[in-house]
Amino acid sequence: MFANPLIRLAIGIPVAIVVTLILFHSMRLLISADFEEPDNLREYNLESITPEAEEEQVTRRARNKPRKLNNADKPPPPPKLTASKSDIDLPTPNIQGAPPSELPPTRLNSLAIDPVAISDRDAQPIRPPVPTYPSRAAERGIEGSCDVRFDVDTRGKPYNVTADCTDRVFKREAERAVSRVEFAPKIIRGQAAERRNVVYPLEFTLAE
């Protein structure tokens with residue numbers, strides 16, 4: 001139906017013109033109508049909706065001005081010298097003799113040096129270990145002993161510290177006490193050397 005575009009265009013343009021005229025006429029009637037104000041118009045008071053901010057009253061107290069000090073405390077005088085250079089009377093040193101004016105040349109035939117004995121020494125503790133009595137052993141009244149084995153390096157520091165104790169409650173404290181001890185290292189022919197397999201006994205006894 002209406003396959004020809006010209007026919008559809010000829011029919012659509014008059015219809016569009018008629019619809020447009022009807023819309024314009026309707027809008028003109030609506031605009032020209034008189035506006036009637038409603039009878040019961042409720043008025044709102046803005047003060048009741050938005051309350052006024054209350055003014056804060058700030059009270060200030062008058063402060064007295066600081067008084068000026070007429071006489072300020074003076075600092076104490078510096079300490080006096082107990083003695084001066086003139087008060088010190090030291091005796092003048094008197095050196096007898098004089099250096100020789102001439103030194104006759106002499107021939108040095110031989111120089112005799114006595115042999116110096118170099119002693120060997122084993123590793124020795126500079127200060128003995130000071131173990132702390134374990135609190136668990138003290139509460140239970142346990143006494144015991146430990147054989148602490150360790151090695152000493154050339155600086156006198158113990159390492160590889162292991163303790164063999166009659167009760168395991170003393171093992172940790174025995175190893176800690178010996179590991180903190182400073183030793184004089186072993187000396188062989190005047191040189192510091194390591195010392196292996198050192199055994200240090202420790203006793204843990206309660207005071208009576």
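The values are calculated or read from the model by the stated rules, or taken from the named source; none is laboratory data. Note that the structure is a prediction, hence the values are computed from the model and not measured. FYI the Cβ positions are ideal-geometry reconstructions off the backbone, even for glycines, and counts take in every protein chain you see.
Here are some notes:
- Qualifying position, being in contact with a helix residue (DSSP H, G or I) (Cβ under 6 Å, 6 or more places away or on another chain) and either not in a helix (DSSP H, G or I) or not assigned by TED's automatic domain parsing to the domain that holds residue 199 (or both), among 169, 148, 181: 148
- Listed by first and then second residue, the pairs linking a residue in segment 1-30 that is free of Cβ contacts under 8 Å to residues at least 60 places away in the same chain to a residue that is part of a loop (DSSP other than H, G, I, E, B), with Cβ atoms under 6 Å apart and 6 or more places separating them unless they lie on different chains, are 8/2.
- Hits in segment 198-208 - residues which are in contact (Cβ under 8 Å) with a residue 40 or more places away in the chain and of a type outside the set (S, T, N, Q): 198, 199, 200, 201, 202, 203, 204, 206
- Failed item, numbered, when residue 168 is tested on (1) within 35 Å of the chain's Cα centre (by Cα); (2) farther than 25 Å from residue 184 by Cβ; (3) surrounded by fewer than 13 Cβ atoms within 10 Å (Cβ to Cβ): (1)
- So residue 194, is it within 13 Å of residue 130 (Cα to Cα), surrounded by fewer than 18 Cβ atoms within 10 Å (Cβ to Cβ) and not hydrophobic (A, V, I, L, M, F, W, C): no
- Cβ-Cβ under 6 Å pairs, at least 6 apart or on other chains, segment 177-197 side without any contact (Cβ under 8 Å) to a residue 60 or more places away in the chain and more than 26 Å from residue 164 (Cα to Cα), far side surrounded by 12 or more Cβ atoms within 10 Å (Cβ to Cβ) and β-branched (Val, Ile, Thr): 192/154
- Breaking point among (1) assigned to a strand (DSSP E or B); (2) exposed (fewer than 15 other Cβ atoms within 10 Å of the Cβ), for residue 163: (2)
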